[in-house]
Amino acid sequence: MIKVCKFGGTSLADGTTMRRVAEILSADPTRRYVVVSAPGKRYGGDVKITDLLYECHRSVEKCGKAGEAFEKVKERFRGIAFELGLTFDVEALLARTEEEIEHERSEEFTASRGEYLMGRFMAAFLELPFVDACDIVRFSSGGKLDDGKSFALTAAALKGKKGAVVPGFYGADRTGRIHTFTRGGSDVSGAIVARAVGADLYENWTDVSGFLACDPRIVDDPAHIRSLSYKELRELSYMGANVLHSESIFPVREADIPIRIKNTFRPEEAGTDILPMSRYRYDGRIVTGIAGKKNFAVVYVEKSLMNSEIGFARRILSVLERYHVSFEHMPSGIDTISFVIDEEQLKGGTLEKITEDIKAAVRPDQLRVFDDIALIAVVGHGMSRNVGTSARLFDAIARAGVNVRMIDQGSSELNIIVGVDNENYERTVRAVYEEFFR
Ligand code: ADP
Ligand code: ASP
Ligand code: MG
C-alpha cells in the first residue's frame, strides 16, 4: 500500500502546523511521499508566502531588488526553522534564493520559491530526501504539462526511495526554466506523484474536512459530501469550488487512483473521497453539489434558419479564435446561439472587435451582449435519474424572485448551468441549496 500526501498552505503555515503534519505521517507508514505547498495564512488577514513572492517579483522588475517582501518571506522561514530547531544553514539557503530571484527576474521562478523552500525545510525536518520538482515535472514549450515525461521522470527519481518530499506548484520546461501551474497547482503536483509511484490513494490534506455541497461563505454550515465521482469533482472545482485544483484528476484518472480530501486539523474525520465511476456508488441523492463564478458575458446571436446555414457556428468560432478568446459554454436553440465568455478576456476593446467581426461573418438578425452574468453549476449524477429535477430547480429560483438569463444543460445530464445577474448570485445559490438539501 502506498499513499501520497499533499499538504496545503494552511497545513504548513508555521512550525506548529508542520509538527501536526509530521504526526499525521508517522501515524501511517504507508504515507510515504509528501508533496508540499508554500506556507499559507496563519490567521485571517495574514499573507500567503506565494502572494509575497509575486510582490517580490514586482519589486525586482521595478528596482532589481527583491526588497521588503522578501524580508517578510525570510522572517517567516526563519521563524519556522527556529520553532522546529532545524540545524542546517538556513541563512545561506535564504540568501542564495534571494540572489537567484534577483538574477533570474522570472515571475514563475520567484513564485515557485515558496514551495522550494518549504520542501527543503520539510525534508530536513522529516529527515527524508528532497526531490526537486524541476527535475521531475516537465512542461512542453507551450506551457502544457508533459504528463508522460513527468510520470516517467518522477517514477525514476522516487524508485527505491522509501519516502521523499517533493515541492508542489512547479516544474521546468525542456530548457530547465521554471514553470508554475495556475494558483492552487500543488494539488496537481500531488496527483502527478501519486500516478508516477502507482499510489493506492492520493490524500490531499487541507483545512476543511472535505468537500461541502456549496461554498461555506454563502450558505452557513453546508452539507458534507462523503464521496463524489471524478466527473462531479471536475465540474464543481472548475466552477469555483476550489478545495481542489480542477486539473488534479487528470494524472490519477487513467490509473483509477482515488483522491481523499482530509483535514489536517481534524485528521480523525472521514473527509471526502473522489472516485472513478467504477467505484462510485449512487446513494440516492439528486444533487451532489453547487458551485459558481461571477463575471461572465453572454454574446447572443440570433438568425432565422441559422441551423440550415452550413458553417454558421464555425464562422463565429473562428472570430473568437482570431482574438484568442475561449468560451465556457455554448447554449443553442433553433435560431439562436450564445457564447458564454469570461469577462477578463474581453477587456481593452476586444468585445467590441469581436461583435463587429461576428456581424460581418454571419450577418445575424440580432446580436446582443449581456454582461455581469454569474454562472451557477448544479451538479450530480442523480439529476438524470430523477424526473422533474429541472422543474424543481427553476421553480426554486423563480420563488427567490431571480430572473434566469441563460440555461445550459450538458447532454451528460451531469450538470445544469444557470446564468443570472451577478447581483443575484448568492441569493440563487441559497435558493437552490434550500431546495435540494434542507
Ligand atoms: P489548501 O491551501 O490546503 O490547498 P485551499 O484554500 O486551496 O486549501 O482550499 C480549501 C478552502 O476551499 C477551504 O478553506 C474553503 O474555504 C474553500 N472552499 C470553497 N468551496 C468549498 C466547498 N464547496 N467545500 C469546501 N471548501 C470550500
Ligand atoms: N502556493 C501556490 C498558491 O498559493 C500553490 C498551492 O498552494 O497549491 O497558489
Ligand atoms: Mg489549494
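At R0 = 45 Å, how high is the FRET efficiency between residue 270 and residue 368 if r is their beta carbon distance? Nearest 0.05 is fine.
Numbers: r = 48 Å, r/R0 = 1.07.
Calculated value: 0.40.
Remark on the range 286-378: Rg and Dmax equal 13.9, 45 Å (Cα only).
Which pairs break 22 Å Cα to Cα here: 303/353; 62/347; 293/347; 6/159; 74/162?
Details: 303/353 20 Å; 62/347 25 Å; 293/347 18 Å; 6/159 19 Å; 74/162 31 Å.
Checking Cα-Cα distances, 62/347; 74/162 exceed 22 Å.
Per Stokes-Einstein, at 37 °C and 0.692 mPa s, what whole-number D in µm² s⁻¹ belongs to the range 142-243, with the Kirkwood radius over Cα pairs as the hydrodynamic radius? The Stokes-Einstein estimate is 209 µm²/s.
Taking every pair of alpha-carbon atoms in the range 208-296, what share in percent sits in each 10 Å bin, from 0 to the bin with the longest distance? All Cα pairs considered, the percentages come to 17, 50, 29, 3, 0.
Given a 10 angstrom Cα cut-off, can you work out which residue in 360, 133, 297 is the most mobile in a GNM of the chain? Looking only at 360, 133, 297, the largest GNM fluctuation is found for 360.
Each label was represented as a point 7 Å from its Cα along the Cα-to-Cβ direction; for residue 413 and residue 175 these points are 5.2 nm apart.
Once backbone amide H atoms are built at 1.01 Å from N, residue 179 has 171, 172, 173 as its partners under 5 Å, excluding neighbours fewer than 5 places away on the same chain. On the principal axes of its alpha-carbon atoms, the chain has extents of 74, 52, 41 Å, going from largest to smallest. Using the Cβ-Cβ distance between residue 78 and residue 2 with R0 = 22 Å, the FRET efficiency computed as 1/(1 + (r/R0)^6) comes to roughly 0.05.
For the chain, the longest principal axis of the Cα atoms and the long axis of helix 90-104 meet at an angle of about 50 degrees. Relative to the longest principal axis of the Cα atoms of the chain, the long axis of helix 425-437 makes an angle of roughly 90 degrees. Given 20 °C and 1.002 mPa s, compute D for the range 23-133 with the Stokes-Einstein relation, Rh being the Kirkwood radius over Cα pairs; round to the nearest whole µm²/s. Answer from the Stokes-Einstein relation: 145 µm²/s. When 220, 335 are compared by accessible surface with a 1.4 Å probe, the order from highest to lowest is 220, 335.
Compactness of the range 75-154, taken as the C-alpha radius of gyration over 2.2 N^0.38 Å, stands at 1.26. Here residue 407 sits with roughly 90 square angstrom of accessible surface, probe radius 1.4 Å.
Charging the Cβ of each Asp and Glu at -1 and of each Lys and Arg at +1, and nothing else, the dipole of the chain about its Cα centre rounds to 860 debye. Model label points for residue 332 and residue 394, set 7 angstrom from Cα along the Cα-to-Cβ axis, are 2.1 nm apart. For the range 201-294, the list of trypsin sites (Lys or Arg not before Pro) that fall in a loop by DSSP and count at most 11 other C-beta atoms within 10 angstrom reads 217, 281. Evaluated with a Cβ-only charge set (Lys, Arg +1; Asp, Glu -1), the range 143-256 carries a dipole of roughly 600 debye about its Cα centre, given to the nearest 20.
Given a 1.4 Å probe and every protein chain left where it sits, what share in percent of the accessible area of the range 1-75 is carbon and sulfur?
Working: 1580 of 3310 Å².
Carbon and sulfur atoms account for 48 percent of the accessible area of the range 1-75.
Taking label points 7 Å from Cα along the Cα-to-Cβ direction, residue 200 and residue 386 give a separation of 3.5 nm.
The values are calculated or read from the model by the stated rules, or taken from the named source; none is laboratory data. No experiment lies behind these values; they were computed from the predicted model shown. All Cβ positions, glycine included, derive from the backbone under ideal geometry; neighbour counts span all protein chains shown. Heavy atoms of the whole protein, side chains included, go into the accessibility calculation; ligands, DNA and RNA do not. Shrake-Rupley method; radii C 1.70, N 1.55, O 1.52, S 1.80 Å.
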